[in-house]
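The values are calculated or read from the model by the stated rules, or taken from the named source; none is laboratory data. Owing to the predicted nature of the structure, the values given are computational and were not obtained by experimental measurement. Methodologically, a virtual Cβ is constructed for each residue, glycine included, from the backbone with ideal geometry; neighbour enumeration extends over all protein chains shown.
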Amino acid sequence: MNKYEIMFIVKTTIDEATVKETANSLKSVITTLKGKITEDRELGRKDLAYPIKKEISGFYYVFKCEANPKATEEFERKARLNENVLRHLIIKLDEE
């Protein structure tokens, strides 16, 4: 399994329950495909550097995980389809 850092931004114009539901559904994509979340950080609401889809702020989340490439591919697919996710980024971490 490879180590990854996943960051995504969720809209702030939706209610807080939907924000949590969105984050949990994306987290479950990794765990259902036999991945393991090693660190889960909610960075809170922050202003964006520039408007994205007419949004000026977003809720930031960062996951560090161990997963296979299929799990990250599925995460990326789900993040693109989810209209509440403004941006996402998956970084493969170097092996030490």
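Observations on the model:
- Subset of segment 4-13 [touching a Ser or Thr at 6+ places or on another chain (Cβ under 8 Å) and modelled with pLDDT under 95]: Thr12
- Residue in segment 7-16 that is surrounded by 12 or more Cβ atoms within 10 Å (Cβ to Cβ), part of a helix (DSSP H, G or I) and within 11 Å of the chain's Cα centre (by Cα) present: no
- Of all residues in segment 64-80, one or more are under 11 Å from the mean Cα position of the chain (by Cα), free of Cβ contacts under 8 Å to residues at least 12 places away in the same chain and either surrounded by 15 or more Cβ atoms within 10 Å (Cβ to Cβ) or assigned to a helix (DSSP H, G or I) (or both).
- Hits in segment 26-49 (condition: free of Cβ contacts under 8 Å to residues at least 24 places away in the same chain, surrounded by 12 or more Cβ atoms within 10 Å (Cβ to Cβ) and not in a strand (DSSP E or B)): Ser28, Thr31
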